[in-house]
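In what follows, a structure is listed as structure tokens, so that the remarks can point back to it.
The values are calculated or read from the model by the stated rules, or taken from the named source; none is laboratory data. None of the values given here were measured: they were computed from a predicted structure. The accessibility values were calculated without ligands, DNA or RNA, using every heavy atom of the protein model including side chains. Shrake-Rupley method; radii C 1.70, N 1.55, O 1.52, S 1.80 Å.
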Amino acid sequence: MKNKIFKCTVRQMLHSILCIVALVGLCVALQGCKIENQEDKKVQDLDFTVLKDKEIPQDILDMIEGKKYEAFQFTKTSGPYTYLVVGYGKQNTSGYSIQVEDVYLGENSIYVKTALLGPKKDEAVSEVETFPYVVIKIEARDETVIFK
């Protein structure tokens, strides 16, 4: 039995490779759009309060203390409230803050979007470790929380 060798031109090979790459890219793009649209469909804005340190329940402060060196997110429901907690880990200077950009109910989950803001260019900072975090209080909810 003789080995059959398939002969094709460089042009045919490039065409085949380009078709495969295009199909894979199309599949990835369509899947990404599908997931993004499902996750981001806002049903309703949720009322929330950003708590000051003195307003944060002690058990939540204790949990933050144990996690503060690394970035973290967690939720805790206690009585009539659910607390949404986001920490950005150790920062090497002062001047950091956290902006709560959005808290909303999606079709199946609650979404929390925050951003770490660094010191302003002209701001005087101290060379001291800081551990920025934010505690957001909402009415008690059962939905899964997704942090963005």
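In whole Å and largest first, what semi-axes does the C-alpha gyration tensor of the range 64-106 yield when each eigenvalue is scaled by 5 and square-rooted? Can you show the working numbers first?
On the way: eigenvalues 103, 43, 14 Å².
After scaling each eigenvalue by five and taking roots: 23, 15, 8 Å.
The stretch between V128 and T9, if pulled fully straight at 0.36 nm per residue, gains 36.4 nm over its current Cα-Cα span.
Taking all protein chains together and a probe of 1.4 Å, list L105, L84, L61 from the most accessible to the least accessible. Kindly include the intermediate steps, with their values, before the conclusion.
On the way: L105 20, L84 0, L61 45 Å².
Putting L105, L84, L61 in descending order of accessible area: L61, L105, L84.
Which whole-number percentage describes the relative contact order of the range 60-107, with Cα contacts under 8 Å and a sequence gap of 6 or more?
Reported as a whole number, the value is 31 percent.
With the radius of gyration and the Kirkwood radius both derived from the Cα set of the range 92-148, what is their ratio Rg to Rh? Present the calculation step by step, with values, prior to reporting the outcome.
Working: Rg = 14.9 Å, Rh = 13.3 Å.
Ratio of gyration radius to Kirkwood radius for the range 92-148: 1.12.
Close amide H contacts of T114 (hydrogens built in the peptide plane, cut-off under 5 Å, sequence separation of 5 or more or a different chain): E101, K148. Remark: C-alpha extents of the range 45-122 on the principal axes read 40, 26, 21 Å, sorted largest to smallest.
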